[in-house]
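Nothing in this text is a laboratory measurement; each read-out follows from the coordinates by a stated rule. Quantities reported herein were computed from a predicted structural model and do not represent experimental measurements. Because the Cβ atoms are built from the backbone with ideal geometry, glycine has one as well, and the counts that use them run over all protein chains shown.
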Amino acid sequence: MAKTPLYVRIERELRARLAPAKPGDVVPAESVLAEQFGVARMTIRAALNALEDDGLIERIQGRGTFVRQRPEPRAAGTLMSFQDQVRSWGRTPSSHLVEAEVRTAAAAEAAALQLTAASPRVVSIVRVRLADNVPLAVEYACFPAHLSSLLDVDLEAGSLHRALHDMGLRPTLGSSRLTAQRAGTDAEHLQVPADEPLLVETRLIVDQRSAPLEYTVSRYVGDRYDLHVTFDVQPPRTGEPR
């Protein structure tokens with residue numbers, strides 16, 4: 001009978017150790033574990049890779065290795081403010097402001113917000129959105145330029161949707177498109193490798209008068225965020241193969 005590889009035995013031991021741990025708990029460094037088990041760091045790394053592949057731990061560049069917080073599902077047909085959403089998970093929301101300015105609109109932004117000026121402008125707000133200090137997404141939000149007072153809001157502790165309500169604007173209906181991309185230049189903000197897969201949601205929200213209000217591209221770390229989708233199943237057409 002083949003002998004169980006050493007890294008597999010260590011992986012099983014680590015699974016047992018981590019069973020009672022809470023999301024966010026620190027996993028000892030490779031060097032510490034190598035000393036505890038009396039093995040090379042390469043062996044420890046193989047064991048940790050297996051745990052990471054199974055979603056039990058996550059490595060965050062510059063911070064260390066942690067027991068993973070399972071992604072919380074958001075119903076795809078519902079959108080609430082990021083702060084309310086994270087609080088509903090029992091976690092603490094925060095934001096890091098990257099950029100806030102009025103600038104020339106990109107073509108996709110101008111089209112989505114139905115801007116007709118020869119050189120349309122938008123309010124551009126870029127933030128990293130975090131839960132319990134773990135980055136979940138980089139959010140690129142654009143609004144029509146006449147809403148420049150949004151730049152006076154506390155963009156790290158405050159809520160843009162609350163600010164819009166205070167201005168008499170109610171975000172109501174929205175539509176979104178989901179794609180997948182690599183982290184690329186957002187890798188540093190999200191503390192992931194540049195080739196990390198991201199879930200990208202491009203959405204447009206209209207106000208109570210059905211006027212375009214917000215065009216946002218949110219780039220989520222794939223294993224830290226989850227969308228829950230329900231749908232109807234259409235019966236096959238008569239006489240056609242399913």
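Relative to the 2.2 N^0.38 Å rule of thumb, region 9-148 has a C-alpha radius of gyration ratio of 1.49. The angle between the Cα long axis of helix 41-53 and the main principal axis of the chain comes to about 50°, on a 0 to 90 degree scale. In whole angstrom, how far apart do the alpha carbon centroids of region 80-143 and region 34-67 sit? If you average the Cα positions of each part, the centres end up 34 Å apart. Based on DSSP H segments of at least four residues, each scored -39500 (n - 2.57), the chain has a per-residue ellipticity at 222 nm of -6500 deg cm²/dmol.
For ALA107 and VAL67, the FRET efficiency from 1/(1 + (r/R0)^6), where r spans their Cβ atoms and R0 equals 51 Å, is about 0.70.
Here the residues LEU130, LEU6, LEU190, ranked from fewest to most Cβ neighbours within 10 Å of their Cβ, fall in the order LEU6, LEU130, LEU190.
In terms of surrounding Cβ atoms within a 10 Å radius of their Cβ, SER148, SER119 rank from fewest to most as SER119, SER148. With only the Cα atoms considered, region 78-136 has a convex hull volume of 98 Å³ per residue. Put in order of Cβ neighbour count within 10 Å, fewest first, the listed residues GLU109, GLU99, GLU13, GLU30 become GLU99, GLU13, GLU30, GLU109.
Taking only the Cα atoms of region 6-67, the radius of gyration and Dmax are 10.6, 28 Å. The value for the chain of Rg(Cα) / (2.2 N^0.38 Å) is 1.26. Applying both filters, DSSP loop and at most 10 other Cβ atoms within 10 Å, to the trypsin sites (Lys or Arg not before Pro) of region 113-172 eliminates every site.
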